[in-house]
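Read-outs: derived from the displayed coordinates by stated rules, not from any lab. Not measured: the values here are computed from a predicted model. Quick reminder, even Gly has a Cβ in these numbers, built from the backbone with ideal geometry, and neighbours come from all protein chains shown.
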Amino acid sequence: MREIHVSVITDMVERLCIEANTHLPQDVKCAIEGCRAREDGVIAKGVLDNIIENYRIADRENVPICQDTGMACVFLEIGQDVHFVGGDLREAVDEGVRRGYTNGFLRKSVVADPVRRGNTGDNTPAMLYTEIVPGEKVSVTVGPKGFGSENMSAIRMFKPSAGLQGIKDFILETVEAAGPNPCPPMVVGVGIGGTFDKAALLAKKALMRPLGSSHPDPFYADLEKEMLEKVNALGIGPQGFGGKTTAIGLNIETLPTHIAGMPCAININCHVTRHKTEVL
């Protein structure tokens, strides 16, 4: 049994909140720059040039890539042979977010009540997702999620009779309805299977997967490629001004589901698809 003091988690979450908000992952940068090389429209190329300049300034000066520094989504994969000591794990995660958003001078965007509002003042609580896995390591991923893109997400409880075509149509319908609102070029996370809530989590986890990676099942890997091409054929383009680049990635995650259903969720992210992982 390995013991880990929760203060270690606090320190890690604090650091990841700041780093994720100031440094775009390399796979996302490469995808944006690759799309810039393929664009031929003057406006589309100009928008992508501005996006590239923006994240390079953020890298150089250690400032947020975007003014919406997001709601802190924290994913913990906890080895079953780990024992946390020294306090409450959730409180430790929230303290890390509190310190990260305060010490990193990041915008605090969380309200205490969904209807009555009222800013919490420190961007807590985090949206915490935990998963027990074999071993004695802990993987911590922080994915700050802006709501310009989150608001464009959708879920649909398909009957199995809708088939694959129903899912394809739903993806295109959701992206087309989103249009310029999620600050394209976007990343599209798709979750298929499980239950109502699990499909949504799958879609969000799909956004954490490196761009350019493929689903391990060739059937879904081919579907990812096909739907990315179809999404880009919509012509929404960078920031909605038209072009070949509506999305820089489309990742699908799946789970078994009930015989009577086929849940499908789509979680959209903007081109600032932030996530940072460390393993203890």
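Quick one: which residues, 5 or more positions from MET71 or on another chain, have an amide H under 5 Å from its amide H? H modelled 1.01 Å from N in the peptide plane, none for Pro or chain starts.
LYS145, GLY146
Pairs of alpha-carbon atoms within less than 8 angstrom and 6+ residues apart define the contacts here; what relative contact order does the range 148-278 have, in percent? The partial results should precede the final answer.
Numbers: 275 pairs, mean separation 56.2, N = 131.
Reported as a whole number, the value is 43 percent.
Report, as a whole number in µm² per second, the diffusion coefficient that Stokes-Einstein gives for the range 198-265 at 25 °C and 0.890 mPa s using the Kirkwood radius over alpha carbon pairs.
Working: Rh = 13.2 Å.
This corresponds to a translational diffusion coefficient of 186 µm²/s.
Using Cβ contacts closer than 10 Å as the measure, can you line up ASP222, ASP68 from fewest to most? Please report the intermediate quantities before stating the final value.
Details: ASP222 12, ASP68 21.
Ascending Cβ contact count within 10 Å gives the list ASP222, ASP68.
Sort by residue number and report every cysteine in the chain with no other cysteine beta carbon within a distance under 4.7 Å.
Unpaired cysteines in the chain: CYS17, CYS30, CYS35, CYS66, CYS73, CYS264.
When the Karplus curve 6.51 cos²θ - 1.76 cosθ + 1.60 is applied with θ = phi - 60°, which whole-Hz ³J(HN,Hα) does each residue of the range 257-274 get, with x for Gly and Pro?
Running phi through 6.51 cos²θ - 1.76 cosθ + 1.60 with θ = phi - 60° gives 9, 6, 4, 8, x, 7, x, 9, 10, 10, 10, 9, 10, 6, 5, 8, 8, 8 Hz.
As a check on your grasp of the helix formula, calculate [θ] at 222 nm for the chain: sum -39500 (n - 2.57) over DSSP H runs of n ≥ 4, divide by the residue count, round to the nearest 500.
Values: 8 runs with 113 residues, N = 280.
Helix contribution divided over all residues of the chain: -13000 deg cm²/dmol.
Once amide H atoms are placed 1.01 Å from N in the peptide plane, what residues at a sequence separation of 5 or more from SER109, or on another chain, have their amide H within under 5 Å of its amide H?
So SER109 has HN proximity to ASN123.
Taking θ as phi - 60°, what are the ³J(HN,Hα) couplings along the range 177-190 by the Karplus curve (6.51, -1.76, 1.60), each to the nearest whole Hz, with x for Gly and Pro?
5, 5, x, x, 4, x, 6, x, x, 9, 10, 10, x, 10
May I ask for the equivalent-ellipsoid semi-axes of the range 148-278, computed as the square root of five times each C-alpha gyration tensor eigenvalue and listed largest first in whole Å? Don't skip to the end; give the middle numbers.
On the way: eigenvalues 99, 51, 38 Å².
Whole-Å semi-axes of the equivalent ellipsoid: 22, 16, 14.
Can you list residues whose amide H is under 5 Å from HIS5's amide H, if they're 5+ apart or on another chain and H is modeled 1.01 Å from N?
VAL85
Can you compute log10 of I(q)/I(0) for the range 110-200 with the Debye formula, treating each Cα as one identical point scatterer, at q = 0.18, 0.25 Å⁻¹?
Here log10 of I(q) over I(0) equals -1.09, -1.29.
Beyond 16 Å, how much of the Cα-Cα pair distribution for the range 1-104 remains, as a whole percent?
Working: 3511 of 5356 pairs.
Result: 66 percent of Cα pairs exceed 16 Å.
Taking θ as phi - 60°, what are the ³J(HN,Hα) couplings along the range 129-138 by the Karplus curve (6.51, -1.76, 1.60), each to the nearest whole Hz, with x for Gly and Pro?
Once θ is set to phi - 60°, the couplings for the range 129-138 become 10, 10, 9, 8, 10, x, x, 10, 10, 10 Hz.
Using just the Cα positions, wrap the range 69-108 in a convex hull and report its mean projected area in square nanometres, one decimal place. Present the calculation step by step, with values, prior to reporting the outcome.
Details: hull surface 13.6 nm².
Over all viewing directions, the range 69-108 projects a mean Cα-hull area of 3.4 nm².
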